[in-house]
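Below is one structure, written out as structure tokens, with a few remarks after it.
Nothing in this text is a laboratory measurement; each read-out follows from the coordinates by a stated rule. All values derive from a computational prediction rather than experimental measurement. Don't worry about glycine lacking a Cβ; one is built from the backbone with ideal geometry, like all the others, and counts go over all protein chains shown.
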Amino acid sequence: MSSRRGGYGGIAIVFLIAVVAVALLALSAAGSAAAGVPGTPAPTGARPPVLTGAQIPSQYRLHIGGAVPLTGLGSTPTPASRFDSGPGPTDLPFAPNVAVWTDPAPQTRPTEGRDTMGRTYVAFQHEVSPTNHDLYVAWSDDDGATWSAPVAVANTAADETNPNLIVTVGDRLTVFFQQDGNQQAFAYAYSTNRGASWTIQPINTGAMLTRNEYPSFVANGAGAYGMYGTWCTQPQCVTGPNPAGAWTILMLFNPDVSSASTWQGIYFGQPSDVELFHPSSAINSGSGDLDGAIEIEIVDDTAWDLTWFRYNPTGGFFSQDGLMCGTFCPSNDFVWPSITADGNRAVTGAHFFNSNLGAANVILAVYSTNTPGGGATWQLVNANQGTIDSATVDQKYLSLDMKGTQVQAAYWKANAIWFVLGINTGATFQAPARVSDNTPATAIEVQHAVVVKNSTAAGPLVAWHDSRDGNANIYFAGLQRFTITIATNPSPLNVRFDGAATWTSSPASQRFPAGTTHTIGAQSPQPGGPGVQYLFTQWNDAVTNNPRTISINADTTYTATFVTQYQITIATNPVGRSVTVNGGPQLGPYVFWCTAGQTASLDAPSPQTVSPTSQYRYQSWSDAGAQAHGIACDQSKTVTANFVLQYQVTIGTNPAGRDVVVASVTRTGPYTFWCDDASSVGLDAPTPQATAPNTQYRFDTWSDNLPATHSITCSSSTTITANFVLQYQITIATNPAGRAVTVNGNPQTGPYAAWYDQGGNIGLLVPSPQTAGLGTRYSFSAWSDGNTNPSRTILADQPRTLTAVFTTEYFLTMSAVPVGTVSPGNGWHPADDIVPITTTGPADGLTDRYRFDRWSGDLTSFATSTTITMNAPKTLTATWVHQFKIEVQSNVIGASITVDTVPTPTPIVAWWNASSTHTLQAPVSITIGTNERWNFATWTGGGNNAVFTFAVSGPATYSAQYTHQFLITLTTSPGTGPTVMVDSQPYTGAPLWWDEGTTHSLDAGSQPQSGGTGIRYVFQQWSDSTSSPAARTYSVSAAATVTATYRTQYFLTITSAYPAWSCTGAVATIATGCWFNDGDSAVVTVGTAYQSGGTKFAFTGWSGDATGAGSATVSMDQPRSITAGWREVSFVEEYGVYLGLLIAIIVAIVLILLFLMMRRKKQAPAMPAARAPAAQATQQMGGTKACPACGMEIPAGATTCPVCGSAV
């Protein structure tokens, strides 16, 4: 159980330092250096080699616990925050220290990374308060000379510490860190824009693996391998003295760090008295193994050691390869391991404090050049000394990084930062060099004190925390660098550093670490254009080596001086001739470079012997110069010497002394002369050349196989000979005359006379037999000299005549078609010979056979064997007929098929001649009952037509396929008028024979169907399914009658000048009338009066299919039409009563006034008494009433309505 470990924040650090101090005092007081660590066995003898493989005691073995479920908790962008940078370095071998960031608050625990573009990153923790730290990153694009202002990586309210930076594919930056915001998670921040902005991503590890600390990760392509220290309460971790749990290691793997959902976790299940701390990670890029180094508890809370292992997350392979000290030299303080790997090579180490090792902390390390070989491959570094620095002062907090076989190590030693280089994978470490440059040294002695990055391009890059400013800040140092420039004269020309694969145009500059050596070079010669080049002469410091090696100790410019040269080509035509250039013999084409301003001398030796029978002669120079002359080197040029090739030619004769003609001149062979290449010379050989009677010399051949008269082209040295032959005349005759003979392989007709070479053999062949027309020939019998051999050879040694004698034969031609054999077959027979003949056919097959038909040609016979007399050429043909087995079937048992007009029940088997044509006719339908039948569908192999004609080409089976059909009777009620859609087509009444099991669509129409003017039909129901809608799917399973029932409706057309009507009992009303069911009584009412504007109209009555002045009642048994009559009501008619009353009142008033005036004249006081009679008269004359029929106002005393004529 561990109570002392690296903790969270400043309080934990102070506490740790206090505990360590107490422990050191206790150890010092415990006894002498030989006492070792309390609780461990006392060592004896020399320090043993590291414990590897099976040598590791069982109690110190690692135990894989199991997989850990990991879940992403969402990402959080880090708010932007930047700070200023520091100055650049100037001294050797490490440049002056540069402050990455100075700030009053402490900055500690740096971690480093470098991307593919050469940018160096340093991430570190920044103290906000003793219990709150944030993480920042700064970067340098000039190998640490200057630094960017730091950018916040994680600056939440939580305490974020112990950053660990990696760079993955695409220069994606990821910083893993320790945090206390969520004890059940590990966290990392990532940047996809080279550090400009960051996003935090926590990953949940569950309640049994908490307080994840001190991350160590390494890039794996786009992914990452790594480890966290973690507090484990899994079952494996609660054994031992502390049942509450134990510190262990959580291994983490992700193939792509851009995905938070692909993390895998495996933890070590250790007992609480063998806890694990402070992991360090590396990767074997070849095997995919995680190479891990961790701190293991040797004595509970008292002693710790370094152990290392390999784990492959793909296959689950695990091997604990070594333990540094065991019980010999475990440290009484944490050892803070570091590991680095490159392929199969790896180095790991840590610092140890144990009296068996000395009085100070010492760094011990081991290495392996083949980690897959297991523990046996590990050994102590530095020739098995195990140390990297022989000093006897405290050395702590090792950081390792390896590239190839070069190991770079940085560490804290006596308050300073030191660096040491290991070679051969750490087999040897060189002398240490101090990195921090201040005195007194102020490097802070605390975990993660220093980090080194092994940069192939920039050398070691070291970052550490340092208190030289009065508080902890991050400092950086790399090797001092100088600028080397390569210039050229003239410029620009191609130069390069260190043998680079590509040349760079001058001037070119690079910065190199001080004290290193490098090569510089200038391409020489190098092209300056077509036919122009620049040739290096020397450097500006008079050094002529190119390339040359330089030592880096100051900014320096090296200038390469060149001269201009032109390419001069001295060619010959043809190539390969000798020329003299600048006094030296050369073969053309000869190319050389001539420095500008110089002159070259040329000459062309002539003639030039090629062989005893050929030579070249000089002809001219292409620049028209003399045979020997000079040229100026003022540009690139080609000068050609032209030569003519000559050959020695000899014209001979065989035998010698015969005449030949050479170039139109007769010569006696042999004749020799010289001939220009490609020139032409005419030759001739006169023939024949007589020598004596009946003998002559004939020209036979030229040795070049050309005609007697021809020209030769001089293309090589040669001898051409005209060959002559002595000849005799020989005659070959035939009996009868005109027969063919072959003389020396040439067909001739006898008698044939010709000249033949003396002493030569004359080959004679009498072709036998010889055709004398179709089917007739002559056969050789004997020669006139008694020789019976038609082929013989005679010697041409004198003139002679020889005759061939012949007899007659006829040819018998026999054949069998298309198959079969004949006997005796084709052949010649003597005239009048009687020849027996016969023919045989092939054996019958299962599905085909042949039958003999007849003999034809010069004999007609139907017997397979007979004879023929050969009194002329004869031709006979035996004809066989090829027959095939044809089977006719049907899926309807016993179905009758008409075969070539003959009805035949199935199944049918027939043998028919090849190529014969036959017709099969299947019944279109086969009745089963009145409502059921088989209906023809197709011929298998013969198409869809019931009548099928085919030519016999092989055995075949044809089957008439029928479908089982039922008659579906579709009716409507009423029987005429409505239309049903069957399979989207209007049903026309044709029988519906449908295949069993098929489905069809029926649609009786969801909307009324027109039956003509004023008639329509409305679907009611199906007879077989009263609940089915108008549109339905019908499945055929048996014969059936299906009826669609409709209700007939008639339209009552209502014509009225004015819309004051309504229908009672209608199923639908539209502007022109109403629809009624068949048989309904339609009742139509209309208003008796209608006002339109200032005019009033009165209803006069119905006409058409209804009469009367009231409501119209119509029987709807057909379409009906009624018309409402209207008339205009006149002003007098409408207002007559009122007008009459008004007139009456006016008259009465006038009369009253007249009466009163008359009375006044007679008796004025009597006027009031006269009013009563007038009022009475008015009452008797006035009064109105309403007409009960039309509603119009009429006089009260009227008995007939003056508006509508109704009685009132």
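Descriptive notes on the structure:
- FRET efficiency estimate (nearest 0.05) - Cβ-Cβ, Thr564 to Glu445, R0 45 angstrom: 0.10
- The phi-based Karplus calculation (6.51 cos²θ - 1.76 cosθ + 1.60; θ = phi - 60°) puts the 3J(HN,Hα) values of segment 1014-1028 at x, 10, 8, 10, 10, 4, 10, 6, 9, 5, 9, 7, 5, 9, 6 Hz, whole numbers, x for Gly and Pro.
- Taking label positions 7 Å along the Cα-Cβ direction at both Val575 and Asn654, the computed distance is 3.8 nm, reported to one decimal.
- When the chymotrypsin sites (Phe, Trp or Tyr not before Pro) in segment 299-408 are filtered for DSSP coil states and for at most 15 other beta-carbon atoms within 10 Å of their beta-carbon, the remaining sites are Phe317.
- Exposed GluC sites (Glu not before Pro) absent: longest stretch of the chain, with sites in DSSP loops and at most 16 other Cβ within 10 Å deemed exposed: 446-995
- For segment 594-652 and segment 341-365, distance of Cα centres in Å: 80 Å
- Gained length - Tyr1058 relative to Ala414, 0.36 nm times residue gap less alpha-carbon distance: 219.6 nm
- Segment 960-995 residues near the modelled Ala1031 label - backbone nitrogen below 20 Å, point 7 Å along Cα→Cβ: 978-988
- Within the chain, helix-based [θ] at 222 nm, where runs of 4 or more DSSP H residues each add -39,500 (n - 2.57), nearest 500: -2000 deg cm²/dmol
- Rounded to the nearest 0.05, the FRET efficiency derived from the C-beta distance between Ala391 and Ala207 at R0 = 45 Å is 0.45.
- Contour minus Cα-Cα distance for Thr1107 and Thr917 (0.36 nm per residue): 60.2 nm
- Segment 502-541-segment 700-739 distance, computed between alpha-carbon centres (Å): 75 Å
- Taking the chain as the region of interest, the number of lysine pairs whose Cα atoms are within less than 19 Å, with members eight or more places apart or on different chains, is 5.
- The label point for Asp498 and the one for Thr749, both projected 7 Å from the Cα toward the Cβ, are 9.9 nm apart.
- Taking 7 Å steps out from each Cα toward its Cβ at Asn545 and Thr807 produces label points 10.9 nm apart.
- Stretchable slack from Thr875 to Thr718, in nm (0.36 nm times residue separation minus alpha-carbon distance): 50.2 nm
- For Ser1028, the residues 5 or more places off, or on other chains, whose built amide H falls under 5 Å of its own are Trp1022.
- Student exercise, the chain dipole from Lys, Arg, Asp, Glu Cβ charges, in Debye to nearest 20: 3300 debye
- Asp1024-Ile1070 FRET efficiency (beta carbon distance; Förster radius 45 Å; 0.05 resolution): 0.85
- Sum of side-chain charges, Val167 neighbourhood, beta-carbon under 11 Å (Lys, Arg +1; Asp, Glu -1): +2
- Backbone N within segment 478-514 under 16 Å of label point (7 Å from Asp555 Cα along the Cβ vector): 480-487, 508-514
- For Ala937, distant residues with modelled amide H under 5 Å away: Gln961, Tyr962, Thr963
- Inter-centroid distance (Cα atoms) of segment 969-983 relative to segment 153-207, Å: 81 Å
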